[in-house]
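Okay, so here's the structure we're looking at.
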Amino acid sequence: MKRLVVLFLLLPFLLAWVPAPQGGGTTEDPSQVVITQLHLFLRRTGDRLEVREFYLITNTGDRTYVGREDLRTGRRITLAFTLPPGVADLETIEPADAHWVKTDGGIAYTEPISPADAPLEIAFSYILPFVEGMEVERTFPVQVASLGILAMGGDLAAEGNALTSGGVMDTTQGPVRVYTAGPLEAGRPVRFRLRTEPLQAEAVPGGPAPVAPPSRNPTAEVALGLVALVVAVVAAYVLLRPPAPGPVPASVRAQVEAIAALDEDYQAGRLNEKEYHRRREALKQEVYRRLGSERE
């Protein structure tokens, strides 16, 4: 039983790192695109709520998802993210700004998502005004396999019908309350309320007697522990990794520069879509081959 629990909980995380089947052609249907891991990092600073959203996205189909053309910008949109009202200081962290356009009420990613690619990492951050008991609602453009909410700092708690508490993690960033949800269908909203709540409330003299702890459920405890473990791994990766990659290896610098030039030509309309994808994929495969040879 425990092995089944382990496999069930870790499957979305493991699938994010397994290459999707090879195929050909393109599609405008996003049904095979999955957010395998989604993490919302929340931190309250006075009357401000700092939010960082981190996504791992995989194309599980056999055709490249190219989205639909946006008539306002003339660019194809693959993933559109609607943001809560009152957002300020929006910053796209990954990928670079050139891959994004602003939309009414949010931002949109504009690059094709290929089944041959490694999982796509998307990250952006923004600020919301913090009010005690505020409700946050988030919806997502494609299906979500697993959602983790991390309330950082030890003084912030979340509650909502769709959330399951995963306990408290001790990290180098301080204590973090962990909540999980999912799977979620595309467009299905997740709503939760936020409140300030210290981790250890002081006992009130003359107050009510302590409530007896509930009976233990070993299977549930194992499940929650594994969820927290997966969230901890991703949290450590997001929070502790270097802020920027190192220099491009000299052996693939020419290919990387050629890919950047191709992207620029495609976005400027100087290259048709079919030729763009063909040449870009050839350059990427050459990069993988050269880097693989260096590791051997």
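The values are calculated or read from the model by the stated rules, or taken from the named source; none is laboratory data. The structure presented is a predicted model; accordingly, all values stated were derived computationally and were not measured. Please note: Cβ atoms are built from the backbone with ideal geometry, for glycine as well, and neighbour counts cover all protein chains shown.
Computed quantities for the displayed model
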item: Those residues of region 68-84 which are assigned to a loop (DSSP other than H, G, I, E, B) and surrounded by 12 or more Cβ atoms within 10 Å (Cβ to Cβ), in sequence order; result: 70, 73, 75, 78, 83, 84
item: So residue 154, is it of a type in the set (Gly, Ala, Ser), surrounded by fewer than 20 Cβ atoms within 10 Å (Cβ to Cβ) and either farther than 30 Å from residue 61 by Cβ or assigned by TED's automatic domain parsing to the domain that holds residue 83 (or both); result: yes
item: Any hit, region 104-114, residues being small (Gly, Ala, Ser) and more than 23 Å from residue 273 (Cα to Cα); result: yes
item: Hits in region 158-167 (condition: in contact with a Leu (Cβ under 7 Å, 6 or more places away or on another chain) and either under 22 Å from residue 46 (Cα atoms) or crowded, with 17+ Cβ neighbours inside 10 Å (or both)); result: 158, 166
item: Some residue of region 266-274 being modelled with pLDDT under 80 and among the aliphatic types (A, V, I, L, M); result: yes
item: So residue 128, is it crowded, with 20+ Cβ neighbours inside 10 Å and assigned to a strand (DSSP E or B); result: yes
item: Subset tally (residues that are within 15 Å of residue 173 (Cα to Cα) and either in contact with a Ser or Thr (Cβ under 6 Å, 6 or more places away or on another chain) or not assigned by TED's automatic domain parsing to the domain that holds residue 146 (or both)) for region 40-56; result: 1
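Let's see how each residue does on (1) under 18 Å from the mean Cα position of the chain (by Cα); (2) within 17 Å of residue 51 (Cα to Cα); (3) assigned to a strand (DSSP E or B):
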site: 86; (1), (2), (3): no, yes, no
site: 89; (1), (2), (3): no, yes, yes
site: 98; (1), (2), (3): no, no, no
site: 108; (1), (2), (3): yes, no, yes
site: 111; (1), (2), (3): yes, no, no
site: 123; (1), (2), (3): yes, yes, yes
site: 140; (1), (2), (3): yes, yes, no
site: 151; (1), (2), (3): yes, yes, yes
site: 170; (1), (2), (3): no, no, yes
